[in-house]
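Peer 1: Submitted below is the structure of interest, expressed as structure tokens.
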Amino acid sequence: MSKLHVSTTINGEPVEFLCDPSASMLDALRGPLGLTGTKEGCGTGDCGACSITVDGRLVCACLMLAVEAEGHEIGTIEGMAQGDELHPLQRKFLEMAALQCGICTPGVLMASRALLEKNPDPTEEEVRFGLAGNLCRCTGYDKIVRAVLETAAEMREAAR
């Protein structure tokens, strides 16, 4: 089977890679691209651990073929921080212990950022709905929801 050439942008950087036609985006990220922050939880799109953004839309990388990245803007957890400066969500998750084993954390952070980019002032119900595609087996959801709500408030205050 011959490999296919893919040209895309990942976390703002142009990237080219070769992949098998049947390779998932998760396989490409964790394999040839060396971006191991995106985790595989279920491999069926049910847990959200592998959440990435494609042109700003939240997607499960395990359900996307790597060749579908051609010409698109991909965002991964590695692109969330700016150098050594953590994203406000990352800081708040650490501060509030809104993480535990780390399998779901990258996907939850990506989903949280996508939510706050669309809705900078969500209610608790909107946060819970926005994160409904992400399963956490360790921490439960209260600390995660509180961290997202507090980050949203801090980001709104900083924008004033």
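The values are calculated or read from the model by the stated rules, or taken from the named source; none is laboratory data. A quick note: this is a predicted structure, and the numbers were derived from the prediction, not measured. Every residue, glycine as well, gets a Cβ built from its backbone with ideal geometry; the counts of neighbours run over all protein chains shown. The accessibility values were calculated without ligands, DNA or RNA, using every heavy atom of the protein model including side chains. Shrake-Rupley method; radii C 1.70, N 1.55, O 1.52, S 1.80 Å.
Peer 1: Kirkwood hydrodynamic radius, computed over distinct alpha-carbon pairs, for the chain: how many Å, to one decimal?
Peer 2: Every distinct Cα pair counted, the radius reaches 16.0 Å.
Peer 1: Tell me the per residue accessible area of the chain using a 1.4 Å probe; a whole number in Å² is fine.
Peer 2: Counting only protein heavy atoms, the per-residue value for the chain is 53 Å².
Peer 1: Relative contact order for the chain using alpha-carbon pairs under 8 Å, separation at least 6, rounded to a whole percent?
Peer 2: 23 percent
Peer 1: For a quick check of your reading of the filter: which trypsin sites (Lys or Arg not before Pro) in segment 1-73 sit in a DSSP loop and have no more than 16 other Cβ atoms within 10 Å?
Peer 2: Hits after loop and neighbour filter: Lys3.
Peer 1: Let me ask something else about it. Could you work out [θ]222 nm for the chain from helices alone, using -39500 (n - 2.57) per DSSP H run of at least four and dividing by all its residues? Round to the nearest 500 deg cm²/dmol. Each step should come with its number before you reach the end.
Peer 2: Values: 5 runs with 53 residues, N = 160.
It lands at -10000 deg cm²/dmol.
Peer 1: I've got another one for you. What translational D, rounded to a whole number of µm²/s, comes out for segment 88-159 from Stokes-Einstein when the hydrodynamic radius is the Kirkwood one over Cα pairs, at 10 °C and 1.306 mPa s?
Peer 2: 134 µm²/s
Peer 1: Search the structure for amide H atoms under 5 Å from the amide H of Val15, placed 1.01 Å from N in the peptide plane, and list their residues when 5 or more places away or on another chain.
Peer 2: When sequence neighbours closer than 5 places are left aside, the close amide H contacts are Thr8, Thr9, Ile10.
Peer 1: Continuing with the same structure: Which value, in Å² rounded to 10, gives the accessible area of Val59 with a 1.4 Å probe and all protein chains present?
Peer 2: Only protein atoms counted, so the area is about 20 Å².
Peer 1: What percent do you get for the relative contact order of segment 4-79 when only Cα pairs under 8 Å and 6+ apart count?
Peer 2: The value is 39 percent.
Peer 1: Right, something else. Quick one: what do you get for segment 4-79 if you divide its Cα Rg by 2.2 N^0.38 Å?
Peer 2: The value comes to 0.95.
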